[in-house]
Amino acid sequence: MTWQHELQGGFHSPRTLLNFLELDEKGFSIAADKQFQTRVPLSFAKRMIKGNSNCPLLRQVLPIADEELETEGFSLDPLSEREFNATPGMLHKYHGRVLVMLATSCAINCRYCFRRHFPYQDNRVGRRQWLEILDYIATREDIHEVILSGGDPLMHSNHKLREFLERLTEIKHVETVRFHTRLPVVIPSRIDDDFIKLLASSRLKAVMVYHINHHQELCDEIKLGVDALRRHQVVVLNQAVLLSGVNDSEDVLVNLSHALWRHGILPYYLHLLDKTQHTSHFEIKKEKALLLFKAMQSKLPGYLVPKLVREDSYQKSKTWIF
Ligand SMILES: *Cc1c(COP(=O)(O)O)cnc(C)c1O
Ligand code: SF4
């Protein structure tokens with residue numbers, strides 16, 4: 001089965017997912033699912049614990065009644081991203097690098113994500129936008145790194161990605177291409193031979209930033225992909241989000257770092273939740289986050305301690321919290 005088949009399959013309704021996990025099929029919110037549709041690949045669901053309604057993987061993807069709350073201080077556009085939309089589909093906010101929203105969808109819909117409200121309709125990146133983005137990058141010689149994000153950039157076929165990368169490669173001052181992606185985590189077969197070849201044959205230095213929040217998300221197949229990437233000098237990092245009920249304990253965070261290391265991945269960032277409306281039940285306050293961070297620091301070698309960060313709308317970098 002190819003990754004495209006896996007993408008089409010999987011769970012698109014909370015009820016079938018709950019049935020698969022042998023849980024009460026009424027334990028979800030219809031309204032929350034309506035607002036942001038359930039989407040979970042089978043491979044990821046298989047890493048959940050059957051019969052456990054508190055499974056940390058399930059909590060990340062199951063629409064629940066808590067999402068129906070409106071919370072003060074949480075917004076539909078917490079990062080004011082609309083303002084930094086230099087050209088549709090691209091954010092130029094930080095020095096030396098741009099973030100391109102290459103795809104508008106994902107293989108999985110994470111409940112805590114800002115994407116549930118982002119006006120993707122207005123940011124659909126078609127061929128014309130690609131060319132505008134490439135033009136923008138070409139005229140600014142201080143841009144050395146292009147970050148492909150989304151949505152999930154690996155939703156595109158290798159063929160499409162090759163086309164974009166080839167054009168990007170022609171811009172001399174671009175040195176690095178970075179992928180922010182969760183696809184290799186939720187559908188590990190996405191890292192296929194063709195994708196590896198694509199990166200291996202490019203002059204651009206490549207960085208993959210995975211998104212894994214809990215050690216239970218890791219599996220042998222993910223490691224196969226990471227091993228293949230690393231054989232071709234691709235750097236593989238991880239960013240996690242600190243989430244209540246998922247990874248807000250010292251043990252889980254320490255285990256996550258160790259498990260990442262065993263799979264050939266280095267921790268990069270541990271993010272505080274962006275204050276996206278309808279996600280406040282996931283929030284961990286800064287004070288508790290700092291305590292967890294210090295606890296990690298006391299148990300892990302420095303290279304396995306991610307930077308604890310928050311994204312602030314008008315800052316020129318992530319804000320380090322310490
Ligand atoms: C997070 C982010 C980046 C990348 O930041 P790094 O600190 O280099 O990982 C770039 N642009 C935008 C708009 C971002 O939000
Ligand atoms: S952008 Fe990342 S966090 Fe958001 S839904 Fe997609 S995979 Fe999940």
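Going from the alpha-carbon gyration tensor of the range 209-256, what semi-axes, largest first and in whole Å, does one get by taking the root of 5 times each eigenvalue? Kindly include the intermediate steps, with their values, before the conclusion.
On the way: eigenvalues 114, 24, 12 Å².
Sorted largest first and rounded, they come to 24, 11, 8 Å.
Expressed in nm to one decimal, what extension gain is obtained for the pair Asp194 and Lys285 from 0.36 nm per residue of sequence separation less their Cα-Cα distance?
Details: separation 91, 0.36 × 91 = 32.76 nm, distance 4.24 nm.
Contour length minus Cα-Cα distance gives 28.5 nm.
Rounded to two decimals, what is the ratio between the C-alpha radius of gyration of the range 163-225 and 2.2 N^0.38 Å?
Values: Rg = 13.3 Å, N = 63, 2.2 N^0.38 = 10.6 Å.
Here the Cα radius of gyration is 1.26 times the empirical estimate.
Between Gln315 and Trp261, how high is the FRET efficiency from 1/(1 + (r/R0)^6) when r is the Cβ-Cβ distance and R₀ = 41 Å? Nearest 0.05. It would help to have the intermediate numbers written out before the result.
Values: r = 30 Å, r/R0 = 0.73.
Efficiency, from the Cβ-Cβ distance: 0.85.
Once you keep just the Cα pairs under 8 angstrom separated by 6 or more residues, what percentage relative contact order results for the range 1-122? Write out the running numbers ahead of the final one.
Working: 133 pairs, mean separation 31.0, N = 122.
The normalised contact order for the range 1-122 reaches 25 percent.
Could you pull out the pairs from Lys285/Lys318; Lys46/Lys307; Lys46/Lys197; Lys286/Lys318 whose alpha carbons sit more than 19 Å apart here?
Values: Lys285/Lys318 17 Å; Lys46/Lys307 30 Å; Lys46/Lys197 29 Å; Lys286/Lys318 15 Å.
Lys46/Lys307; Lys46/Lys197, as the Cα separations exceed 19 Å there.
With label points built 7 Å along Cα→Cβ from the Cα atoms of Thr71 and Arg127, find their separation and express it in nm.
So the two model labels end up 4.4 nm from each other.
Grab the beta carbon distance between Lys26 and Arg203, set R0 = 56 Å, and tell me the FRET efficiency rounded to 0.05.
Details: r = 55 Å, r/R0 = 0.98.
Rounded to the nearest 0.05, the efficiency is 0.55.
Tell me the Kirkwood hydrodynamic radius of the range 130-194 in angstroms, computed as one over the mean inverse distance between distinct C-alpha pairs. If you can, show how the numbers build up before the last one.
Values: mean 1/r = 0.0786 Å⁻¹.
Kirkwood radius, the range 130-194: 12.7 Å.
Whole-Å semi-axes of the chain's equivalent ellipsoid, largest first, each the root of 5 times a Cα gyration tensor eigenvalue? Present the calculation step by step, with values, prior to reporting the outcome.
On the way: eigenvalues 169, 98, 95 Å².
Its equivalent ellipsoid spans semi-axes of 29, 22, 22 Å.
In whole Å, how far is the Cα centre of the range 97-120 from that of the range 238-291?
Taking the Cα centre of each part, the range 97-120 and the range 238-291 sit 19 Å apart.
With all distinct Cα pairs included, what does the Kirkwood hydrodynamic radius of the range 4-141 come out to in Å, to one decimal, could you say? Don't skip to the end; give the middle numbers.
Details: mean 1/r = 0.0582 Å⁻¹.
About 17.2 Å, per the Kirkwood formula over Cα pairs.
Could you work out the per residue convex hull volume over the alpha carbons of the range 153-262, in cubic angstrom?
Details: hull volume 11.3 nm³, N = 110.
Normalising the Cα hull of the range 153-262 by residue number yields 103 Å³.
Can you say what percent of the DSSP beta bridges in the chain, counting only those with both residues inside, are antiparallel? Round to 5. Each step should come with its number before you reach the end.
Values: 8 of 36 bridges.
In the chain, DSSP labels about 20 percent of beta bridges as antiparallel.
Tell me the Kirkwood hydrodynamic radius of the range 237-322 in angstroms, computed as one over the mean inverse distance between distinct C-alpha pairs.
One decimal place: 13.2 Å for the Kirkwood radius.
Every number in this text was worked out from the coordinates using simple rules, so none of it is lab data. Keep in mind that this is a model prediction, so the values were computed, not measured. All Cβ positions, even for glycine, are placed from backbone atoms using ideal geometry, and neighbour counts span all protein chains on display.
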